[in-house]
Amino acid sequence: MLTVHDFETAARAKLDPVHADFIAGGARDEITVRANEAAFGRLQLLPRVLRGSAVRELDIALLGSRASMPILLSPTAFHKLVDPEGELATARAAAAAGAIMIVSMASTVAVGDIADAVRAMGADAQLWFQLYIQPDREITETLIRRATDAGCSALVVTVDSPVLGAGERNRRNGFHDLPPGLRCENLVDLRDGERGHVRQIAMSPELNWQHIDWLRRTTSLPIVLKGVLHPEDARLAVRHGVDGLLLSNHGGRQLDTVPATLELLPEFVAAVAGRIPVILDGGVRRGTDAVKALALGASAVGIGRPVMWALAEGGEDGVRRLLELLRDELDDTLALCGASRLADLTPELVRVPTWGP
Ligand code: FNR
C-alpha cells in the first residue's frame, strides 16, 4: 500500500461491489466527484529552496483540539459495512496517529462506545461529532447530549443536505439500507422502540439560520458548519457565531456540478478573513493535495473515502497505515517546498498553469 489509490484498489477487490459503489459514488453524473480530485492535479507547486530544516512541525491546535497533523477524518457513515469492528477500528487508528476523527451521526457503533474504546487505549480522544439537525428538536437535543456525554469536543453540523443527494449507483444497485444486524447506533431509542434504522435520519428541508442560532444557544461546544460553499454564506456563518467552517461539497454526493472545493478555497478564505478556521475536504489523496489547500489558507483538510478504503483493506491497521502514509507524504512535501512549519505554507507556493491543456 504505497498510495491512497492502492488502498482503493485493494478494498474494491475485497468488498461487495454494491458497497464499493456506495463509497465511491456521488450524486447524478458524478461531475463534482471527479472535479474534486482533478482540481488538485491542475494546481502546481512552486517550491522554495535553501530554507532547510532537519525536522518539520506538523501538529495543529484546532478549536480546542490538538492533533499531530492537519489531516482529519471527515465523517463517513456505516463503517461496519466494510469492517466488523467498524468505527471502533477507525477511532483507535486515528487516536494512535493523533488525528481528529469526526464521528458520523450515522455511525454503526454508538459515539459513547467509540470514545470508551479510545480512552481504553490510554489515548486522549480527539473526537468531534457530525450532526444532521433533525426536524424534531428533542431528538436533536438527545443526539447532542449523547455526543457531549461521550466527550466529543466539537459539533460538525452538515448543512448541505436539506434533502438526500441522488446517488444513482445506489438506486441502480438497490442499496437503500444496512444489512441485517447493522444499525445506526446513535439513533437507537431516540424515541421509544426506535431501533436505529437508517430511515430514522430525517433531512430537514426547512433548515435555516435560525436553527443555527438555536444550536448556538443550546450547546457550548464549538460549532463547525460542514457543506458551506458560497462565500456569502461563509460571511453569514461568522455573523451567526459559528466557530469553524468545513468547505465541503460532501465529496460530490449532494448537489452535482458544484465546483471543486479547492477552486472555491481562495475566495472562501478571503470572505472569512481569518476570523474562524476553514477546513477543506473533497478529493484529498496526497500529501501534495493537503499542502496546496493549506498554502491557500485552509487550517486543515479532511479525508472521506480514503478512510473507508483503508478500513476495508486492513481494518484498524489499514487506517493506521493510511494515516502514516499521508503524514509521510505531507512531511516530504513540506521539506521539498522549503517549509519547516505549516505556517510556512503560503499562497506563493502554488500557481495556476498559464499555458498547456
Ligand atoms: C460521506 N460523507 C458524509 N458527510 C456527512 O456529513 N455525514 C455522513 O454521514 C457522511 N457519510 C459519508 C459516507 C461515505 C461513504 C462518503 C464517501 C462520504 C461526506 C464526507 O464527510 C466528506 O465530505 C467527503 O467524503 C470528502 O470527500 P472525499 O475525501 O471522499 O473525496
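Just so it is clear, none of the values below were taken in a lab; they were calculated from the coordinates. Owing to the predicted nature of the structure, the values given are computational and were not obtained by experimental measurement. Here the Cβ is made from the backbone with ideal geometry for all residues, glycine too, and neighbour counts use every protein chain on show.
Taking the longest Cα principal axis of the chain as reference, the axis of helix 305-336 is set at about 20 degrees. Between the amide H of residue 103 and those of 128, 129, 130, distances stay under 5 Å, these residues lying 5 or more places away or on another chain, with hydrogens modeled in the peptide plane.
Dividing the mean sequence gap of close Cα pairs (under 8 Å, 6+ apart) by how many residues the range 20-136 holds gives a relative contact order of 20 percent. From least to most packed, judged by other beta carbons within 10 angstrom and beginning with the fewest, 142, 354 follow the order 354, 142. Note on the chain: with a GNM built from Cα contacts shorter than 10 Å, the maximum mean-square fluctuation among 82, 188, 307 falls on 188.
When a/c reaches 1.5 or more, the comparison of a/b and b/c decides; with that in mind, is the range 4-350 rounded, prolate or oblate per its Cα gyration tensor? Rounded, because the longest to shortest axis ratio a/c is under 1.5. Build a GNM of the chain with springs between Cα atoms under 10 Å apart, and of 80, 292, 14 the one that fluctuates most is 14.
Calculated [222 nm] ellipticity per residue, helices only, for the chain: -12500 deg cm²/dmol; basis is -39500 (n - 2.57) per DSSP H run with n ≥ 4, divided by all residues, nearest 500.
If you take the Cα centroid of the range 256-299 and the Cα centroid of the range 36-61, the two points sit 14 Å apart.
Phi angles of the range 184-199 translate, via the Karplus equation with coefficients 6.51, -1.76, 1.60 and θ = phi - 60°, into HN-Hα couplings of 7, 5, 6, 9, 5, 6, 5, 10, 3, x, 7, 9, x, 6, 3, 6 Hz per residue; Gly and Pro are given as x.
A cut-off of 5 Å between modelled amide H atoms, ignoring neighbours fewer than 5 places along the same chain, links residue 226 with 157, 158, 159, 246. Relative to the dominant Cα principal axis of the chain, helix 87-97 is inclined by about 30°. Within the range 4-350, DSSP assigns beta bridges of which about 20% are antiparallel (rounded to the nearest 5).
Taking 101, 203, 69 as the candidate residues, the one with maximal mean-square fluctuation in a Gaussian network model of the chain, Cα springs under 10 Å, is 203.
Near residue 116, once Lys and Arg are set to +1 and Asp and Glu to -1 for all other residues with Cβ below 15 Å from its Cβ, the sum equals -3. Percent relative contact order of the chain, based on C-alpha pairs within less than 8 angstrom and at least six residues apart? The value is 28 percent.
Between helix 261-272 and the chain there is an angle of about 90 degrees, using the helix long axis and the longest principal axis of the Cα atoms.
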